[in-house]
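Here's the structure, in structure tokens; my notes come after.
The values are calculated or read from the model by the stated rules, or taken from the named source; none is laboratory data. Note that the structure is predicted; figures quoted are calculated from it, not measured. Don't worry about glycine lacking a Cβ; one is built from the backbone with ideal geometry, like all the others, and counts go over all protein chains shown.
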Amino acid sequence: MHYIVFDLEWNQSNDRHNRDLGLPFEILEIGAVKLNRRLKVVDTFEVVIKPQIYHYIHYITTKIVHLTGEELENGKPFPIAMNEFLEWCGKDYIFCIWGTSDITELQRNMMYYGMDMLADGPLKYYDIQKFFSIAYEDGKKRRALEAAVDFLDIEKDIPFHRAYDDASYTARVFERVNAFKPRIKRYVSYDVFIAPRDKKEEIDVNFKTYSKYISREFPDKTAAIEDKKVASMKCYLCGRTATRKIGWFSVNGKHYYCIASCKKHGYLKGKIRMKKTDDGSVYVVKTTKLVSQEEAREIAVKQDKLRLARLEKRRAKKAPEE
């Protein structure tokens, strides 16, 4: 198997009124390096893409991406460039990127041009930005690529902000992180540009410090939160059903929280993020992790404040107008 470390550069509309909602970000360049099992570079790939949607380069893009008008004019149409990229990737590989957005935008561009998708459901990949945070920080912070390069004292022998250059730096960070924490690859990520279609395609994985569940689609948030598996709380360390101490509640209608207790391992915090699909359906990304008693208490306080705010709002509506 090979590791395909890639990076994209893209453009967007200068005018929000002329933005194509089907393609808010048009890819201008794909750069990649192919790594073997020992994370050594065995091949490279670069292609510039001729814009078809946004012919004027956004002012922010011009500050970051160093592509000339001549290079773009001589670029290849996206479908041709993408097919060349996929042929170069081969058959047995996993994508590796810095962050989470590149795979989503790659698939969005593919869908816009009517190409076959990379997968029928969630796509497994490695987020090297997350790997770096897990290995050297708290697992939550997300550093810029150049900050990680500086931290690891990697030689900056090529510029940043061209697709191939950033892919090359990402590959070097990946190699260093893997050498420092060899089992880092267990922390796989999933791109959900295409959500699971049924129960068989749902993602339910346990990691060392948390678990993640990605549900199939539901017609609305109410149907999702009432689903038995969505609402359940299990300890990812022992597999036992945990007793809910604080039932699921939401602060903003997008994020839901829950506290449960495992007799063997203690308090568990559940967090649900409601995600919308293009057709208006929703799917759930639920994470579960162990928390201290103090952290569990903070969730209880958050719920109490929410209840009080709602009560005051109801009272204000019932109060007679002055």
Original post:
Just one of the numbered conditions (1) surrounded by 19 or more Cβ atoms within 10 Å (Cβ to Cβ); (2) part of a loop (DSSP other than H, G, I, E, B) is not true of ASN109; which one?
Top reply: (2)
Original post:
Of the numbered conditions (1) out of contact with any Lys or Arg (no Cβ under 9 Å at 6 or more places or on another chain); (2) closer than 22 Å to VAL41 by Cα, PRO122 satisfies every one except a single condition; which is it?
Top reply: (2)
Original post:
For LYS91, which of the numbered conditions (1) among the basic types (Lys, Arg); (2) in a loop (DSSP other than H, G, I, E, B); (3) modelled with pLDDT of 95 or more fails to hold?
Top reply: (3)
Original post:
Would you say LYS289 is at pLDDT below 95 and assigned to a strand (DSSP E or B)?
Top reply: no
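A quick yes/no check of all residues on (1) in the same structural domain as THR277 (by TED's automatic domain parsing); (2) at pLDDT 80 or above; (3) touching a Phe, Trp or Tyr at 6+ places or on another chain (Cβ under 6 Å):
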{"position": "SER13", "(1), (2), (3)": "no, no, yes"}
{"position": "ALA32", "(1), (2), (3)": "no, yes, yes"}
{"position": "ARG38", "(1), (2), (3)": "no, yes, no"}
{"position": "VAL41", "(1), (2), (3)": "no, yes, no"}
{"position": "PHE45", "(1), (2), (3)": "no, yes, yes"}
{"position": "VAL48", "(1), (2), (3)": "no, yes, no"}
{"position": "GLY69", "(1), (2), (3)": "no, no, no"}
{"position": "ALA81", "(1), (2), (3)": "no, yes, no"}
{"position": "GLU87", "(1), (2), (3)": "no, yes, no"}
Original post:
Which of the residues that make up region 124-147 are among the acidic types (Asp, Glu) and more than 17 Å from the chain's Cα centre (by Cα)?
Top reply: GLU137, ASP138, GLU146
**OP:** Test GLY121 against the criterion of being buried (at least 19 other Cβ atoms within 10 Å of the Cβ), within 20 Å of the chain's Cα centre (by Cα), at pLDDT below 95 and not assigned by TED's automatic domain parsing to the domain that holds GLU201, and give yes or no.
**Re:** yes
**OP:** Output the number of residues of region 124-139 satisfying the condition of being buried (at least 19 other Cβ atoms within 10 Å of the Cβ) and touching a residue at least 60 places away in the same chain (Cβ under 8 Å).
**Re:** 4
Original post:
Can ALA316 be described as within 23 Å of THR222 (Cβ to Cβ) and aliphatic (A, V, I, L, M)?
Top reply: no
**OP:** Could you check how many residues of region 238-248 are within 24 Å of the chain's Cα centre (by Cα) and in contact (Cβ under 8 Å) with a residue 40 or more places away in the chain?
**Re:** 0
Original post:
Is region 166-182 home to any residue that is in contact with a strand residue (DSSP E or B) (Cβ under 7 Å, 6 or more places away or on another chain), closer than 26 Å to VAL291 by Cα and aliphatic (A, V, I, L, M)?
Top reply: no
**OP:** For SER211, indicate whether it is at pLDDT 95 or above, more than 16 Å from the chain's Cα centre (by Cα) and among the polar types (S, T, N, Q).
**Re:** no
